[in-house]
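Worksheet: the structure to be examined is printed underneath.
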Amino acid sequence: MHLLVKVEVENNTYKFNCRLAPPDKGDYSIDGIEIKDLNLSHFQKKLGYITQEAVIFNDTLFNNITFWDEKTEESLKRFNKAIEQASIYEFVNALPLKEQSLLGNNGINLSGGQRQRISIARELYKDIEILILDEATSALDSETEKDVQNSINLLKGQYTILIVAHRLSTVKKADRIVLMDKGEILNVNAFNQLIIDEPKFKRMVELQEI
């Protein structure tokens, strides 16, 4: 499902508010509905949020993704769909205990890319509509970042995805990129057009060798 997210604009800056605190100024609507008129509980359940550091619990892979949901035919179906969308289906099913495998304290048995894919699967399991990635690949090496980015790219068209990133490779395939400098918006456009329109952006691309 695609949602039209009109983000609050204040002093020429973009803010996406999850309604943990009300916006001070500006307009903020989703599919034409003002944020203040949305049911807060329903709205927040439709949000998925992935940070730079994935949190992994010392428990089974199934419980890490489902947050201890009861194992039923329906929850297993949702679990398998989530790990497939997050590109860890083959990894999970190659494990001797599959979804019952213990992950260890803070995912000690996992690579950085596997931890991030598990955090992505955890959000997708919740049946979200908006997925927010806040520097989700910045702590990964380049090769692992590329693998995780490929997983994110496969989700394009299925969710509204908002990505915050300094690495331009992370947002290269985004429909629209908001180029900011010192809190102000310089331009909003697709990757290739920004290279043409913005010398600063072109220089960033050259420095990051994209």
_With the condition being in contact with a Gly (Cβ under 6 Å, 6 or more places away or on another chain) and in contact (Cβ under 8 Å) with a residue 12 or more places away in the chain, I'd like the helices (runs of 4 or more DSSP H) fully within the stretch 93-210 carrying at least 1 qualifying residues._
112-125, 142-153
_Single condition SER101 does not satisfy, out of (1) under 13 Å from the mean Cα position of the chain (by Cα); (2) open to solvent by less than 20 Å² (accessible area, probe 1.4 Å); (3) hydroxyl-bearing (Ser, Thr, Tyr)_ = (1)
*Since ALA94 meets every condition but one in (1) surrounded by fewer than 15 Cβ atoms within 10 Å (Cβ to Cβ); (2) closer than 21 Å to LEU154 by Cα, which condition does it not meet?*
(2)
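Please determine, by comparing only the residues of the stretch 39-75 that are of a type in the set (Phe, Trp, Tyr) and assigned to a helix (DSSP H, G or I), which one is farthest from GLN158 (Cα to Cα).
PHE62
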*Which of the residues belonging to the stretch 38-71 are over 15 Å from the mean Cα position of the chain (by Cα) and of a type in the set (Lys, Arg)?*
LYS71
*asked:* Looking only at the stretch 45-71, how many residues end up being closer than 16 Å to TYR125 by Cα and surrounded by 14 or more Cβ atoms within 10 Å (Cβ to Cβ)?
replied: 16
*Has the stretch 79-88 got at least one residue that is surrounded by fewer than 16 Cβ atoms within 10 Å (Cβ to Cβ), under 14 Å from GLU123 (Cβ atoms), among the basic types (Lys, Arg) and in contact with an Asp or Glu (Cβ under 9 Å, 6 or more places away or on another chain)?*
no
*Are any residues in the stretch 190-203 surrounded by fewer than 17 Cβ atoms within 10 Å (Cβ to Cβ) and not β-branched (Val, Ile, Thr), and if so, which ones?*
ALA190, ASN192, GLN193, ASP197, PRO199, LYS200, LYS202, ARG203
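The values are calculated or read from the model by the stated rules, or taken from the named source; none is laboratory data. Bear in mind that the values here come from a model prediction, so they are computed numbers and not experimental data. Cβ coordinates were reconstructed from backbone atoms using ideal geometry, including for glycine residues, and neighbour counts include every protein chain displayed. With ligands, DNA and RNA removed, areas are computed over all heavy atoms of the protein, side chains included. Shrake-Rupley method; radii C 1.70, N 1.55, O 1.52, S 1.80 Å.
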